[in-house]
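Novice: Pasting a structure here, questions to come.
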Amino acid sequence: MVRDTNRHFKFDWITIILFFLLVGFGWLNILSASHTGTDINYFDLSQPFGKQLIFIFLTFGLIILLLAVDAKFYERFSSVIYIVSMLSLVGLFIFGKNVNGATSWYAIGGMTLQPSEFAKTATALAVAKYVSDLNTNINTLKDQIRTFVIIIIPAILVLLQNDTGSTIVYGAFFFVLYREGLPKYYLTIGISMILLSVLSLKFGAGITAFIALIFVASFHFLNKKKLRIFQSVLILIMAIAVSFGVKFFYQSILKPHQQDRISLWLRLEKDPDKLEQMKRTFAYNLNESEKAISSGGLTGRGFMEGTRTTGKFVPEQHTDYIFSTVGEEWGFLGSAFVVVLFVLLLLRILHLAELQKSQFSRVYGYGVAAIIFIHFFINIGMVMGLIPTIGIPLPMFSYGGSGLWAFTILIFIFVKLDSNKINEW
């Protein structure tokens, strides 16, 4: 379905420019992180920077195709797109290629394709379609469950492929639903579970349960809107269950390398010698990343002048740890510039989402912003050691054709939907 020539479209060039600024600056850092000598062939397909440049050129064609398709196509066929995407995830269990312990890629000739990246867009479309349906009321338990199912299906399929990072991204849709009227107690429950989980691992389930008891009792007796005894007891039981359940999940369900990452983050290991051993074994990437960032100072060492970057001290520096290249070679000012670009892009998308006349377009716009924000927040937090190490790329920045094209599709579908709002009543 191509564009109706009788209709008028006005594309948001601010979003488009921010997108290409991030893509361009990202490629410069991929070049710096992956080049092997002074003589550089920019189209050297044996190097990540050469492949990424080809991916970027192909992106222009993808953008033209996305903007040429009729805006209503994305809404009408969102269910079909979602189903096809889920089938592509299921197919990985049969035809998938295992890379670094995750079966998340299809091998196509000399290239690989990661369908989990595209599944995020498909899920955003499906959520927007269901929530905007006239028969859907997000305040009812029935519609809440159905919406959660739409989100949980791809999350489980991705988790079964041992791709924890991509699984966490689906939590971003909580913010979308909250904007559309999801009851506030879901936010309270979510934040409480995160706090209980961290406290349980850090101080023990027993102490955390006792803290929960004091908190619930204080709220029950001191708050003007007193909870019923049954409600207070139920909340306390749930808090205790979470406190002890998290400990069991950590010790019995998580894999050793996942336990070690959390242990290092929360400093759970008490033995200094063993902690240092764990840092050398499991936190090498993080330690080298922090050294690279700190060595950049205010203005950085200069483009392709970073000693830790050119020395290949940081593994996966052109993918998940690309931000460490920014920190070393462009310094605090360059890092701040990247953060500002992302913040401006997020604010612009949210602003445009609020201007949409169609609820489908608004919900999808919030989905776009939420997905980008989770990637941005986790990746930079991981590289700086603020959160546990989670394998997740920096949008439009990290090396990878699947990631670049997936975010291109995610963003430019919204650009198309936004351009069509002048034709809607």
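Novice: For the chain, build the charge dipole from Cβ charges (+1 Lys, Arg; -1 Asp, Glu) around the Cα centre, then report which of THR307, VAL99, ILE253 sits farthest towards its positive end.
Specialist: ILE253
Novice: Net charge near THR307, counting Lys/Arg +1 and Asp/Glu -1 over other residues with Cβ under 9 Å of its Cβ?
Specialist: Result for the local shell: 0.
Novice: Checking the a/c ratio against 1.5 first, then a/b against b/c, what shape does the Cα gyration tensor give for region 338-394?
Specialist: Taking the square roots of the gyration eigenvalues as a ≥ b ≥ c, region 338-394 is prolate.
Novice: Out of the total accessible area of the chain (probe 1.4 Å, heavy atoms of protein only), what percent is carbon and sulfur?
Specialist: 69 percent
Novice: With +1 on each Lys and Arg Cβ and -1 on each Asp and Glu Cβ, and nothing else charged, work out how big the dipole of the chain is about its Cα centre, in Debye to the nearest 20.
Specialist: 1360 debye
Novice: Evaluate the charge dipole of region 21-142 about its Cα centre and quote only its size in Debye, nearest 20, assuming +1 on the Cβ of each Lys and Arg and -1 on the Cβ of each Asp and Glu.
Specialist: 360 debye
Novice: Here's another thing I want to ask about it. Please identify the helices of the chain, taking whole runs of DSSP H, that span at least 18 Å along their own axis as judged from the Cα atoms and have a mean Kyte-Doolittle score of -0.5 or higher.
Specialist: Result, helices passing both filters: 13-34, 48-68, 78-95, 115-131, 141-160, 184-203, 205-222, 229-248, 322-354, 359-383, 401-419.
Novice: May I ask you to order 315-324, 103-112 by the average number of other C-beta atoms within 10 Å around their residues, highest value first?
Specialist: Ranking, from highest mean packing down: 315-324, 103-112.
The values are calculated or read from the model by the stated rules, or taken from the named source; none is laboratory data. The structure presented is a predicted model; accordingly, all values stated were derived computationally and were not measured. Methodologically, a virtual Cβ is constructed for each residue, glycine included, from the backbone with ideal geometry; neighbour enumeration extends over all protein chains shown. Surface areas here come from the heavy atoms of the whole protein model, side chains and all, with no ligands, DNA or RNA. Shrake-Rupley method; radii C 1.70, N 1.55, O 1.52, S 1.80 Å.
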